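Novice: Structure in structure tokens, see below.
Derivation of every value follows stated rules applied to the coordinates shown; laboratory data play no part. Note that the coordinates shown come from a computational prediction; the quantities given were computed from them, not determined experimentally. Methodologically, a virtual Cβ is constructed for each residue, glycine included, from the backbone with ideal geometry; neighbour enumeration extends over all protein chains shown.
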Amino acid sequence: MKCVVSKERLQDGNVYLNDAPVGKPVRLVRIESGHGLRHRLAALGLLPNTLVTVLRNQGHGQLIVSVKNTKVVLGRGMAHKVIVRTEK
């Protein structure tokens, strides 16, 4: 079974976290969700302007990201609400 990743681009070159390249640092721009999820992700260290590195993304299932030297596992639905920009 072949896995397809969308690589959907948003304005200004931003992408959803689940479309971010594996192994390259990205900067969190914003979280497009309600109050509860924003607070849950903030408690995990996912705040605007924070550097995040995707460690594992197989195109389906969960993503593993590194935030401030900590590994965090996110479901694909959560990751699709996090907007990031590739660092240069």
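Novice: Can you sort 52, 72, 15 by how many other beta carbons sit within 10 Å, fewest first?
Specialist: 72, 15, 52
Novice: Now, a different point. Which of 80, 60, 35 has the fewest other C-beta atoms within 10 Å, and how do the rest follow up to the most? Walk me through the numbers before you get to the answer.
Specialist: Numbers: 80 18, 60 11, 35 7.
By the 10 Å Cβ count, ascending: 35, 60, 80.
Novice: Run the numbers for residue 32 and residue 12: contour at 0.36 nm per residue of separation, minus the present Cα-Cα distance, in nm.
Specialist: Working it through step by step, the gained length comes to 5.6 nm.
Novice: Over region 11-86, what is the relative contact order in percent, taking alpha-carbon pairs closer than 8 angstrom and at least six residues apart?
Specialist: 44 percent
Novice: Still on this structure, I have one more. Cross-chain or 8 or more residues apart, Cα under 23 Å: how many lysine pairs in the chain fit that? Count them up, please.
Specialist: Total qualifying Lys-Lys pairs in the chain comes to 12.
Novice: Three principal axis extents, largest first, for the C-alpha atoms of the chain, in Å?
Specialist: Principal axes ranked by extent give 36, 26, 26 Å for the Cα atoms.
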